[in-house]
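Inspection log for the structure reproduced underneath, given as structure tokens.
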6 protein chains.
Amino acid sequence: MTEAHPISRFPIPDLADMPEDIRNRILAVQEKSGFIPNVFLVLAHRPDEFRAFFAYHDALMEKPGNLSKAEREMIVVATSNLNQCQYCVVAHGAILRIRAKNPLIADQVAINYRKADISQRQKAMLDFAVKVSRSAETVGEADFDVLRSHGFDEEDIWDIAGIAAFFGLSNRMANVTGMRPNAEFYSMGRG
Amino acid sequence: MTEAHPISRFPIPDLADMPEDIRNRILAVQEKSGFIPNVFLVLAHRPDEFRAFFAYHDALMEKPGNLSKAEREMIVVATSNLNQCQYCVVAHGAILRIRAKNPLIADQVAINYRKADISQRQKAMLDFAVKVSRSAETVGEADFDVLRSHGFDEEDIWDIAGIAAFFGLSNRMANVTGMRPNAEFYSMGRG
Amino acid sequence: MTEAHPISRFPIPDLADMPEDIRNRILAVQEKSGFIPNVFLVLAHRPDEFRAFFAYHDALMEKPGNLSKAEREMIVVATSNLNQCQYCVVAHGAILRIRAKNPLIADQVAINYRKADISQRQKAMLDFAVKVSRSAETVGEADFDVLRSHGFDEEDIWDIAGIAAFFGLSNRMANVTGMRPNAEFYSMGRG
Amino acid sequence: MTEAHPISRFPIPDLADMPEDIRNRILAVQEKSGFIPNVFLVLAHRPDEFRAFFAYHDALMEKPGNLSKAEREMIVVATSNLNQCQYCVVAHGAILRIRAKNPLIADQVAINYRKADISQRQKAMLDFAVKVSRSAETVGEADFDVLRSHGFDEEDIWDIAGIAAFFGLSNRMANVTGMRPNAEFYSMGRG
Amino acid sequence: MTEAHPISRFPIPDLADMPEDIRNRILAVQEKSGFIPNVFLVLAHRPDEFRAFFAYHDALMEKPGNLSKAEREMIVVATSNLNQCQYCVVAHGAILRIRAKNPLIADQVAINYRKADISQRQKAMLDFAVKVSRSAETVGEADFDVLRSHGFDEEDIWDIAGIAAFFGLSNRMANVTGMRPNAEFYSMGRG
Amino acid sequence: MTEAHPISRFPIPDLADMPEDIRNRILAVQEKSGFIPNVFLVLAHRPDEFRAFFAYHDALMEKPGNLSKAEREMIVVATSNLNQCQYCVVAHGAILRIRAKNPLIADQVAINYRKADISQRQKAMLDFAVKVSRSAETVGEADFDVLRSHGFDEEDIWDIAGIAAFFGLSNRMANVTGMRPNAEFYSMGRG
């Protein structure tokens, strides 16, 4: 599909001109997904930031731990809609549908996770993620206690906070660059 | 499709027990859509409010005027996501995709209309709709002037305000009743 | 009393040019009140919306139920002042004074209902009404439990939410149209 | 008139036990008004603060200057309603009606001054007063320029800011003490 | 140290032209501190307000009571940073460091008192002070109960509220006048 | 100096147990600064995130470009105080004082940059940084135009946004972990 609309307010380098490690990562993603998610092209404008961004992303989203991959995507989707980030809601909504094998869950979690078809434990996880995203200055022991009462341990709490914080960065960069979601994401995983 | 989840916190009357005019309206919608949108069932708990609600809805959404049907749905979708109303974003997102014959537009407008593939005139329309929805007390002549500069006349301005105000009511009732979007809406019009 | 100030930013139809049902409703109100409340004239610009608006209003404000008529007006007055709606606070403040036979209550409820001469049950009712008006997306079971502990049943809860939601619509239309309260309302019921 | 409701959460000293200067001020007010406004009794619990409070009040509200006495009261009424201060809106609303010889103006200014029967210059004055009250940290040269364009000089600007700031203090003390407006104020000046 | 920057947007009177009582107070402060804190010079533009301001200040900050002098300064520092008042945070931060004999405490309390090296009782005091400063309209019995559970009595509660309210006034005047903190304050008490 | 207070809610690994690259980075910082800033120890709990965090940090803060090093620190300090992040304001305030060779600037920028001793160009830079931090969803062409009018080019704009976004992440992690500023930072660069 050709894009009539720019995917960034900033220049997009040609694949041929990118540093080799960045080009290779992009080609690997393209191989796997069938297309290049625009976040890779937009951030390639800044190779050092690109490398740090995806290293951080992978450290949070692909590490082992008690949070399922779908749960990590729920955090992204719920906080990104509050931050009005088109790219993150559309792209990670697609991933969430696929990870959760549920065509309805991404829109539910994005719009109002309190009414989504998820567990009470997952709602507590998202309550905390939203608090980190909107008013982290008020996070305190009482929040940790609520999470522990739902079975989350210290490492899970760090993971939830880390994902909410990292995508807060991502949301802001996407909104400033005008990062455009690829058309492919909108219908992925809708079954 | 059977629903494992309740569609309302309040009782849903049987079709057979509804007043005839309400049952007939519901059967006509079912005939046309192939399913009964849950808003009809949820509000049927209160027949007089049901009648007023849909009369108001039709007066704003189906009247002649300069705003296209797709534009009216844009107003619903943009304001309802700010109000975190699952039912209205999902159901009217579907209608917007169909009216605009554009599978991407509903998610774009819901998440951040400022970056959607719509005209500057439509962005001005949504700026005003969001202002009516969030801080109508500050609406003044300067807002009317901006709208006029985009070619909207007085009747269009009333229409934009009326739709934003009416769906503010609808969003609040959907959030309080826990109105659940029908599964059918999520994938409609995604092409 | 003649009005030196316009009562709406939009045209006001002549009584003689209105559809008969609307003219009759207005004449009946005039007969009963001694003057025509401006909301009737302002909304008569849009006959279909006029009919739906007052049908909705009557369904909520004049239906039988556990909420007294004064309590329904308290909801209107408390939420309308937060929405900075001159017409609704002034007009429904007058009605509240009359319904409650209390010349002080409307100003108290409008400015800060938490310190008004009303019962704890009524304060819980207004806490919920304000939550519906300002952040309905966060309404949940805990809110219903609080209301039940004060003796409100499910139907009462719908009534409170419906009134807060409907006057949210009314407040927005009044602010956009520049609807002017009739001078008569200011001193009614002040004893 | 006897008060069935406490006028403060804190103790109220007997007139006989007050320091003489405070008792004399209170008796003088009673002589002039026919009753003792509760703010005098509530603050008499703290004689030094009482003296400073009324000295500050008089310095701002009774000094000569370009702002009329009615305009000073408009500032009090508009900012106090945003701060949800029952005492200040009710008591100073009464004074505003009397100073302006206008029975409607206090409710208009309290609820939404943008739609009150006041001049554009007075609306600019209240825009600034509200900004001082709600977000003084963003006040800058552009705000001074707007005020100058309406004919306000430097001393007037200080007066507007001072009144908004002083009644911000007053609103907070009234809300914390639970200061109750005297019943007499509600109907004063309503003509 | 000479000041290249104006200390106020408004005129500063010469010491020689000030009323004697004001000049004497300023000279006494200079004698004690080694410099004249700018708040004295800025407010001297308005002698009556100057007198009332410092009388109020002294009534709250120098009265006997259970709150220590350092605790009173904590209230000033925590609320003034939320109000983004440069003068009050810098000047009272210096006083707090000196009163508490702790070079770190002022920055901790200013930025996020919830994580400062202070007692739970002091955090409860600051929770209440911040509530008075930001949303006094919602203060109620539950807040008083929390404070009592930490050992605060009624007079302490008034003190906390009074200081938060008074410095709300001070913050607003400092932001409007562009009151500049003296260079001396920044490093005082840093040990 | 010994620390009586924990520097994190999470475990801090021993230097000896850290991966070699992380230990080496920490030893190099200690060598240069004379102490180990706590952010290194707190984040060492998560080696992969540690590496990504500092790679991102260096890419933004140490890259060549038109923004001076002091200007980059201004962005950190101004946005971190709005996010109430003790660690970032205290630590980067120290760095700002040193970079700018100005003992007053950090407190001025932290508390209210609009009144700091910085240029109009720097205030425009901070206006944009704060907008990215608080409401990036509304960033648009008009914001870019303002920045261009102050001489910022596209790369500068990305830098400002990137720093504000990255420290938004850092602020949230510091608030959730309870990251404690080292005592050394408070007085560094105060002259």
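Could you list, in sequence order, the residues of region B:80-106 that are in contact with a Gly (Cβ under 7 Å, 6 or more places away or on another chain) and assigned to a helix (DSSP H, G or I)?
Passing the criteria: B:ALA94, B:ARG97, B:ILE98, B:ALA106.
F:SER135: under 21 Å from A:GLY168 (Cβ atoms), within 14 Å of chain A (Cβ to nearest Cβ), open to solvent by less than 10 Å² (accessible area, probe 1.4 Å) and outside any loop (DSSP other than H, G, I, E, B), yes or no?
So F:SER135 fails the test.
Within region A:30-46, track down each residue that is in a loop (DSSP other than H, G, I, E, B) and either farther than 24 Å from F:GLU49 by Cβ or out of contact with any Pro (no Cβ under 7 Å at 6 or more places or on another chain) (or both).
Once the filter is applied, which keeps residues that are in a loop (DSSP other than H, G, I, E, B) and either farther than 24 Å from F:GLU49 by Cβ or out of contact with any Pro (no Cβ under 7 Å at 6 or more places or on another chain) (or both), region A:30-46 yields A:GLY34, A:PHE35, A:ILE36, A:PRO37, A:ARG46.
Go through (1) open to solvent by less than 40 Å² (accessible area, probe 1.4 Å); (2) closer than 27 Å to D:TYR87 by Cα for D:ASP127 and report which single condition fails.
(1) is the only condition that D:ASP127 fails.
So which of C:GLU49, C:GLU71 ends up being surrounded by 12 or more Cβ atoms within 10 Å (Cβ to Cβ) and either more than 13 Å from every other protein chain (Cβ to nearest Cβ) or outside any helix (DSSP H, G or I) (or both)?
After applying the criteria, what remains is C:GLU71.
With the requirement that a residue be over 19 Å from the mean Cα position of the chain (by Cα) and of a type outside the set (D, E, K, R), what does region A:101-134 give you?
Answer for region A:101-134, where residues must be over 19 Å from the mean Cα position of the chain (by Cα) and of a type outside the set (D, E, K, R): A:SER119, A:GLN120.
Assuming F:GLY191 fulfils every condition listed in (1) buried (at least 23 other Cβ atoms within 10 Å of the Cβ); (2) touching a Pro at 6+ places or on another chain (Cβ under 6 Å) apart from one, which condition is it?
(1)
Give region D:1-39 a look and list any residue that's more than 22 Å from C:GLN108 (Cα to Cα), surrounded by fewer than 10 Cβ atoms within 10 Å (Cβ to Cβ) and small (Gly, Ala, Ser), or say none.
Correct list: D:ALA16, D:GLY34.
Residue check: is D:ALA44 within 19 Å of the chain's Cα centre (by Cα) and either surrounded by fewer than 18 Cβ atoms within 10 Å (Cβ to Cβ) or at the interface with another protein chain (Cβ under 8 Å from one of its Cβ atoms) (or both)?
Considered against the rule, which asks whether it is within 19 Å of the chain's Cα centre (by Cα) and either surrounded by fewer than 18 Cβ atoms within 10 Å (Cβ to Cβ) or at the interface with another protein chain (Cβ under 8 Å from one of its Cβ atoms) (or both), D:ALA44 comes out as no.
Considering (1) open to solvent by 10 Å² or more (accessible area, probe 1.4 Å); (2) within 11 Å of the chain's Cα centre (by Cα), say which one E:VAL76 fails and leave the rest.
With (1) open to solvent by 10 Å² or more (accessible area, probe 1.4 Å); (2) within 11 Å of the chain's Cα centre (by Cα) applied to E:VAL76, the lone miss is (1).
Consider region C:83-111. How many of its residues are within 25 Å of D:ALA78 (Cβ to Cβ) and surrounded by fewer than 19 Cβ atoms within 10 Å (Cβ to Cβ)?
1
Can you work out which of the residues in region B:140-188 that are assigned to a loop (DSSP other than H, G, I, E, B) and open to solvent by 30 Å² or more (accessible area, probe 1.4 Å) is farthest from the other protein chains (Cβ to nearest Cβ)? Spell out how you get there, then give the answer.
Keep residues of region B:140-188 that are assigned to a loop (DSSP other than H, G, I, E, B), which gives B:140, B:150-153, B:178-182, B:188.
Okay, now just the ones that are also open to solvent by 30 Å² or more (accessible area, probe 1.4 Å), so B:150-151, B:153, B:188.
Numbers: B:HIS150: 16, B:GLY151: 18, B:ASP153: 11, B:MET188: 10 Å.
Among residues in region B:140-188 that are assigned to a loop (DSSP other than H, G, I, E, B) and open to solvent by 30 Å² or more (accessible area, probe 1.4 Å), the one farthest from the other protein chains (Cβ to nearest Cβ) is B:GLY151.
With (1) among the polar types (S, T, N, Q); (2) crowded, with 17+ Cβ neighbours inside 10 Å; (3) away from chain C (no Cβ under 14 Å) as the list, and B:GLN120 as the residue in question, which single condition is left unmet?
(2) is the only condition that B:GLN120 fails.
The values are calculated or read from the model by the stated rules, or taken from the named source; none is laboratory data. Just so we're clear, the structure is a prediction, and the values are computed from it rather than from any experiment. So basically every Cβ, Gly included, is an ideal-geometry build from the backbone, and we count neighbours across all protein chains shown. In case anyone asks, the SASA skips ligands and DNA or RNA and just uses the protein heavy atoms, side chains included. Shrake-Rupley method; radii C 1.70, N 1.55, O 1.52, S 1.80 Å.
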